[in-house]
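Okay, so here's the structure we're looking at.
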Amino acid sequence: MSDASAQPIRRALLSVSDKRGLVELAEALATNGAELLSTGGTARALAQAGLAVTEVAEYTGFPEIMGGRVKTLHPRIHGGILGRRDIDADAMAAHDIGPIDLVVVNLYPFVETVAQPEIGRADAIEHIDVGGPAMVRAAAKNHQDVAVVTDPDDYAELAAEIRAGGVTETTRRRLAAKAFGHTAQYDAAIADWLAAQERTQESEAASEALPASLGPKFEPVLDLRYGENPHQRARFFAESDGPAATVARARLLQGKSLSFNNIADADTALETVKLFDEPACVIVKHANPCGAAVGADAAEAYVKAYATDPTSAFGGIIAFNRPVDARLAAAILDQQFVEVVIAPEFAPDCSAALAARPNTRVLETGPFDGPTGGLDYRGVAGGMLVQERDTALLGSDGLQPATSAHPEATTERDLLFAWRVAKAVKSNAIVYAADGQTVGIGAGQMSRVDSARIAGVKAADAGLATEGAVMASDAFIPFRDVVDVAAAAGIRAIIQPGGSKRDHEVIAACEEHGITMLFTGMRHFRH
């Protein structure tokens, strides 16, 4: 049974920078009797494919001018797109304006262009599309009579409807909404680039490339079964110009579709494991690392990370910063139930081992080097918080001795390891560590001393010794009670930002207990 809302395509205008699927769509249009209008490179591609195509300049009777800046901005084009078939028919006839039923446009690749370091301002300006967005917006506005498509991934469905007799109203509405989102993203990218270009050196140091305004710069990736809880609807979006080697760009090699909580926890695990140069493993459960370790290889790192808290690791997210081989994959699945395993690469022979648990999600990111930069977006009711991502790392040269005793090299390595893990733990964060392995983690407490106590309890539950371990605190230690708890657990050294008005009391407590303390001068709150 045919859809009464379906409208046949008699004339289509095609002008695209991304030529994927162009010829196939045009062939479907031509086979079903549509006249093809086009411009520049698109017209040449269609003609080379043997399709009859009319250049826009020939159709309008007005040549392209100003180096191609003006070609589609003409009443025969915009009148054909905007004309309402039931209202404007007389005006269209009086001015010899034929209806255009389909607009296929994607825009000059502005974001990709300005990402090239050798591109100057003048060249970038020339890649700001004007005619394209104008046609897209006009067609989307008049979607009652006109279909508009901006994404080659929509061509197959569109071609199927064209072959079936016409584009349905449901499809026209969906494509119109997507088209306005496309131009909004495009305009937002241009606005951000122009604002960044105009910043002075001083103001840029202060604002560090924060956007002047926020537009919808995200594209839908996945409709989720639900959000954090089953009664919440959810969808996953990726930054349209976002970085590679992230959860948003990772490839799902096997397993069920990712859930809201899978994605959030996988992001924490992946970005934490990126903090380490040595082979590392991080296991995350409910937004916090429950185990982290470095080792001679990924397998050793996993064994040490799992040992931190086997109970919490059940159903967790496991991230590696090295490729995973079949032996390690099998060891993980024999050891525990895991929701997601994420790594830069999985060896081809992993598939057989992983197939034993077909519901386990396996995400491959590709190679990465250090934590992901850019901006961090966090929604609040009625607004959006935007900040730089916390990518700051600290080496030995950034440490400030606070006590009379200074740490040995091995102790300093453990302190820096614990400090990096603490960066990923929800505040107030306390991390106990030894020999490149977390032995106890206290996360997300309202009181820092409670986090210190919990870290000790978690270590005891896992049968791990805290005697001789080190401690990291994500923010300054406000009272000596945290040091007293650490001393009772046998902690030998502490790393913390410093900066409390009671630093002298905290330092005195360390001297009293024989604990070495280093200040970082840097805080790593994570809320």
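Details
- Annotation: extensible slack from GLU512 through ALA47 equals 158.9 nm (criterion: 0.36 nm per residue apart, minus Cα-Cα distance).
- In the chain, helical runs assigned H by DSSP with n ≥ 4 each contribute -39500 (n - 2.57); averaged across all residues and rounded to the nearest 500, the mean residue ellipticity at 222 nm is -11000 deg cm²/dmol.
- Rounded to 5, the percent of DSSP beta bridges in the chain classed as antiparallel: 55 percent
- On Cα atoms only, tilt of 131-141 relative to the major axis of the chain in degrees: 80 degrees
- Couplings 3J(HN,Hα) for region 79-88, derived from phi with the Karplus relation 6.51 cos²θ - 1.76 cosθ + 1.60 (θ = phi - 60°), are x, x, 7, 7, x, 7, 4, 8, 10, 9 Hz, where x marks Gly and Pro.
- The alpha carbons of region 272-346 occupy a box of 25, 25, 18 Å along the principal axes, longest dimension given first.
- The chain: angle of helix 155-164 to the longest principal axis, Cα-based, in degrees nearest 10: 40 degrees
- Reducing region 159-173 and region 339-389 to their Cα centroids gives an inter-centroid distance of 37 Å.
- Approximate shape of region 63-106 as ellipsoid semi-axes (Cα gyration tensor, √5λ), whole Å, largest first: 23, 13, 6
- Of the peptides 123-135, 152-164, 219-231, the ranking by mean beta-carbon count within 10 Å, highest at the top, reads 123-135, 152-164, 219-231.
- Per-residue ³J(HN,Hα) for region 327-338, Karplus 6.51 cos²θ - 1.76 cosθ + 1.60, θ = phi - 60°, Hz, x for Gly and Pro: 5, 5, 4, 5, 4, 4, 5, 6, 7, 7, 7, 9
- Where only C-alpha atoms are counted, convex hull volume of region 391-445 per residue in Å³: 94 Å³
- Amide H contacts for PHE237 (H built 1.01 Å from N in the peptide plane; partners 5 or more residues away or on another chain; cut-off under 5 Å): VAL221.
- Listed cross-link partners LYS217/LYS285; LYS178/LYS423; LYS19/LYS71; LYS19/LYS256; LYS141/LYS256; LYS304/LYS426 are compared with a 31 Å cut-off, the Cα-Cα value being larger for LYS178/LYS423; LYS19/LYS256; LYS141/LYS256.
- Computed as a quarter of the hull surface, the mean projected area of the alpha carbon convex hull for region 1-136 stands at 10.2 nm².
- Amide H to amide H, with H built 1.01 Å from N, VAL338 comes under 5 Å of GLY315, counting only residues 5 or more places away or on other chains.
- Long-range Cα-Cα pairs in region 221-297 (distance over 20 Å), rounded percent: 40 percent
- Amide N proximity, region 455-473 versus GLU408 label position 7 Å along Cα-to-Cβ, cut-off under 20 Å: 465-472
- A 1.4 Å probe run over the chain, with the rest of the protein chains in place, finds 47 Å² accessible per residue.
- Radius, Kirkwood style, for region 278-418 when every pair of distinct Cα atoms is counted (Å): 17.2 Å
- Between 0 and 90 degrees, the angle of helix 448-461 with respect to the longest Cα principal axis of the chain falls at about 80 degrees.
- DSSP bridge pairs, region 323-463: antiparallel proportion in percent, nearest 5: 70 percent
- Computed over the chain, the P(r) tail beyond 43 angstrom holds 36 percent of alpha carbon pairs.
- Surface composition of the chain: carbon and sulfur atoms hold 52% of the protein heavy-atom accessible area at a 1.4 Å probe.
- Between LYS501 and LEU375, the contour length at 0.36 nm per residue exceeds the Cα-Cα span by 42.2 nm.
- Gyration tensor over the Cα atoms of region 365-513: the corresponding equivalent ellipsoid has semi-axes (square roots of 5 times the eigenvalues, largest first) of 26, 18, 17 Å.
- Kirkwood Rh in Å, taken over region 352-428 so that all alpha-carbon pairs contribute: 17.1 Å
- Region 61-171 - Kirkwood radius from inverse mean 1/r over Cα pairs (Å): 15.9 Å
The values are calculated or read from the model by the stated rules, or taken from the named source; none is laboratory data. Keep in mind that what you see is a predicted model, and the values were worked out from it rather than measured. Glycine gets a Cβ as well: all are built from the backbone with ideal geometry, and neighbour counts include every protein chain shown. Just so you know, the surface numbers come from the protein's heavy atoms only, side chains and all, with ligands and any DNA or RNA stripped out. Shrake-Rupley method; radii C 1.70, N 1.55, O 1.52, S 1.80 Å.
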